[in-house]
Amino acid sequence: MKTLELHLHLEGAAPPAFIRGLAAEKHADLTGVFDEQGNYAYDGFDGFLRCYEAATSVLQTPQDYARLLAEVLERSAGQGVIYTELFVSPEFCGGGDLPAWRDHLAAMTEVAGKARAQGIDSRAILTAIRHFGPDRARKTAICVAETAGDWVTGFGMGGAETVGRATDYAWSFDCAREAGLGLTCHAGEWAGPDSIRDALALGCTRIGHGVGAIEDPALVRDLADKGVTLEVCPGSNVALGVYPSWSAHPIARLADAGVRVTVSTDDPPFFHTTMRREYDRLADAFGWGDTEFAQINRWAADAAFCDPATRDRLLKEFP
Ligand code: ADE
Ligand code: ZN
């Protein structure tokens with residue numbers, strides 16, 4: 001089955017073997033990052049963020065990022081993904097410095113162009129990291145405003161949602177909006193409805209996760225009425241303990257309430273998931289089939305941070 005994916009962190013999609021290979025090349029010590037089976041090892045969301053940042057520390061040069069992107073796009077294509085939006089953090093690639101970011105971007109754009117010719121289209125959402133604070137987010141916003149174009153089409157924010165408020169980052173979101181970028185923000189993953197309202201106040205048309213909206217029927221109605229799209233990552237939520245099981249996950253209740261939900265993997269090797277596994281679990285838990293899957297992919301195409309011709313092409317895949 002063909003699918004679209006709107007919420008995939010590039011560094012979080014790095015297979016453990018890829019990171020181990022880079023660590024060996026660079027003689028980097030990644031003690032504690034992997035378990036005995038060679039999988040990422042962490043406990044809880046804070047542990048996940050620490051593990052993620054330690055693994056990411058070996059991704060340094062433009063070439064490292066180009067190799068990672070090629071591997072991630074190849075894996076996504078193998079899962080039937082025909083269009084993917086990747087969260088890429090200049091705070092990791094190039095340390096937030098614009099000239100260094102340009103070098104990383106040039107290497108990745110070349111890879112994305114080759115992958116497009118081979119059947120998987122992609123865009124980049126430059127992503128601030130909330131727990132790194134508003135000053136570093138501004139540097140990311142400047143990178144996005146300066147390099148917006150065919151591949152860089154969105155601005156977002158991930159990281160620890162309980163640190164400060166999203167509105168503390170208004171300068172960065174304003175800067176990105178004025179540069180014509182699509183806006184999304186992780187919210188309603190680790191905090192409730194107010195966190196989602198803050199993200200909407202920043203002008204976001206999409207919310208990363210957003211599942212916490214289920215606690216507030218008025219917000220659910222508002223999301224449905226405004227056509228806000230949620231980038232839902234159910235396998236991530238279950239793996240991190242946001243919900244105890246697939247059957248307890250609110251994605252089907254949100255969809256039934258008219259909210260535009262989409263499905264993504266977030267950081268697939270960390271959560272032992274793939275796009276096919278997400279769809280299989282949704283089929284098992286909620287009886288979803290071709291009708292529901294076509295609908296979520298049409299919603300994803302509608303909300304994609306892409307040009308109108310690409311959107312039309314994607315919509316035609318899900319009649
Ligand atoms: N960065 C990578 N994965 C994330 C998640 N699930 N929540 C917040 N920030 C992230
Ligand atoms: Zn995410």
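Points to keep in mind about this one:
- Residues that are within 14 Å of ligand 2 (Cβ to nearest atom) and among the small types (Gly, Ala, Ser) were ranked within the range 196-209; the one that is farthest from Glu5 (Cα to Cα) is Ala199.
Yes/no matrix, rows are residues, columns are (1) more than 16 Å from ligand 1 (Cβ to nearest atom); (2) of a type in the set (A, V, I, L, M); (3) assigned to a helix (DSSP H, G or I); (4) touching a helix residue (DSSP H, G or I) at 6+ places or on another chain (Cβ under 6 Å):
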| residue | (1), (2), (3), (4) |
| --- | --- |
| Ala224 | yes, yes, yes, no |
| Leu230 | no, yes, no, no |
| Ala239 | no, yes, yes, yes |
| Ser245 | yes, no, no, no |
| Ala252 | yes, yes, yes, yes |
| Arg281 | yes, no, yes, no |
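- Test: residue in the range 78-96 that is of a type outside the set (Phe, Trp, Tyr), at pLDDT 95 or above and in a helix (DSSP H, G or I): yes
- Test: residue in the range 153-167 that is within 23 Å of Asp266 (Cβ to Cβ) and part of a helix (DSSP H, G or I): yes
- The range 196-218: number of residues that are crowded, with 24+ Cβ neighbours inside 10 Å, among the small types (Gly, Ala, Ser) and not in a strand (DSSP E or B): 3
Here is a yes/no grid of residues against (1) closer than 22 Å to Leu86 by Cβ; (2) within 16 Å of ligand 2 (Cβ to nearest atom):
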residue	(1), (2)
Pro15	yes, no
Leu30	no, no
Glu36	no, no
Ala41	no, no
Cys51	yes, yes
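- In the set (1) outside any helix (DSSP H, G or I); (2) within 16 Å of ligand 1 (Cβ to nearest atom), Trp288 fails one condition alone, (2).
- Residues satisfying the stated conditions in the range 190-205, i.e. in contact (Cβ under 8 Å) with a residue 24 or more places away in the chain and either more than 17 Å from Ile129 (Cα to Cα) or out of contact with any Gly (no Cβ under 7 Å at 6 or more places or on another chain) (or both): Trp190, Gly192, Pro193, Asp198, Ala199, Leu200, Ala201, Leu202, Gly203, Cys204, Thr205
- For the range 122-131, the criterion of a residue being within 16 Å of ligand 2 (Cβ to nearest atom) and in contact with a His (Cβ under 8 Å, 6 or more places away or on another chain) is satisfied by at least one position.
- Close pairs from the range 217-242: first over 18 Å from Ala301 (Cβ atoms), partner of a type in the set (Phe, Trp, Tyr) and in a helix (DSSP H, G or I), Cβ under 7 Å, at least 6 apart: Gly235/Phe271; Ser236/Phe271; Ala239/Phe271; Leu240/Phe45; Leu240/Phe48
- Of all residues making up the range 282-303, the number that are out of contact with any Lys or Arg (no Cβ under 6 Å at 6 or more places or on another chain), under 14 Å from Val81 (Cα atoms), surrounded by 18 or more Cβ atoms within 10 Å (Cβ to Cβ) and aliphatic (A, V, I, L, M): 2
- Residues located in the range 254-271, provided they are within 14 Å of ligand 1 (Cβ to nearest atom) and either in a helix (DSSP H, G or I) or more than 19 Å from Asn297 (Cα to Cα) (or both): Asp267, Pro268, Pro269, Phe270, Phe271
- Residue tally, condition among the β-branched types (Val, Ile, Thr) and more than 16 Å from ligand 1 (Cβ to nearest atom), over the range 1-33: 2
- Scanning the range 9-27 for residues that are farther than 28 Å from Met157 by Cα and part of a loop (DSSP other than H, G, I, E, B) yields one hit, His27.
The values are calculated or read from the model by the stated rules, or taken from the named source; none is laboratory data. The structure displayed is predicted, hence computed values, not measured ones. So basically every Cβ, Gly included, is an ideal-geometry build from the backbone, and we count neighbours across all protein chains shown.
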